[in-house]
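What follows draws every value from the coordinates through simple rules; no lab data is involved. Everything numeric in this text was worked out from a predicted model, so none of it was measured. Neighbour counts run over all protein chains shown; Cβ positions are idealised from the backbone, glycine included.
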Amino acid sequence: MPKSLPLRLVLASASPARRKILQAAGIETDVLVSGVDESLVSTDRAEELCLELARLKAQAVLTRLRPADDQRTLVIGCDSVLAFDGEILGKPADAADAVRRWERMRGRSGVLHSGHCLIDVAAGRRAEAVASTVVHFADVSDDEVATYVSTGEPLAVAGAFTIDGLGGPFVERIEGDPSTVIGLSLPLLRRLLAELDLRITDLWTKVAPGNQTVERLG
């Protein structure tokens, strides 16, 4: 396939945070939710779990795509889990579960793993890897935990926390790439694109004044 064709990136995720990361980095995406049943994958290795789920999400969306001849379509699937105290923590089951997690996590640390699977549709090639970042949680009070959980934010995210929303003040520091914790590592995406003989700058777009049009850079 000619490399000069415009690139289309399809995000196989309903996460608004992942799309926002890409948009902030100059990358506009289409969104197509995979609908993968995450309970189908069972493993006690956090890195293996998030990568397999990312792979399944990307593959599920791939089967529903109808790529155009005048575009080079890429699909990116992502999944995140928190490895904490020997357990794999995805999204909490309910508010009570989120409270229990925070009561355990506060003042301690865990590792947030985000699996990435990038597929070049027409070429039939893929690149995949896991990005990992250590997260140090603040020693938050019972009242802070209850108030945070009552907002509903922790119920929608792996590990019951975010750093790009209301949960940001409850994370003291991280060791690694911040975008990994949000759910999509930009440095890793750059490396995966390179494996497919692409540059992340090939995906950059710019929005004209007034958001009237989107023009591709370069």
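Taking amide H atoms as placed 1.01 Å from N in the peptide plane, the amide H of A129 lies under 5 Å from those of H116, each 5 or more residues away in sequence or on another chain. Compared with the rule-of-thumb size 2.2 N^0.38 Å for a compact globular protein, the stretch 53-133 has a Cα radius of gyration ratio of 1.46. As a length-normalised measure over Cα pairs under 8 Å and 6 or more apart, the relative contact order of the chain settles at 21 percent.
Residues whose amide H lies under 5 Å from that of V140, counting only those 5 or more places away or on a different chain, are G107; hydrogens are built 1.01 Å from N in the peptide plane. The slack between A95 and E153, meaning 0.36 nm per residue of separation minus the straight C-alpha distance, is 19.9 nm.
Between beta-carbons, use under 12 Å as the cut-off and find the net charge around A17, counting Lys and Arg +1, Asp and Glu -1. Can you show the working numbers first?
Details: positive: R18, R19, K20; negative: E153, D164.
Around A17, the surrounding residues sum to +1.
DSSP beta bridges fully contained in the stretch 1-116 are about 55 percent antiparallel. Along its principal axes, the chain has C-alpha extents of 56, 43, 27 angstrom, given from the largest down.
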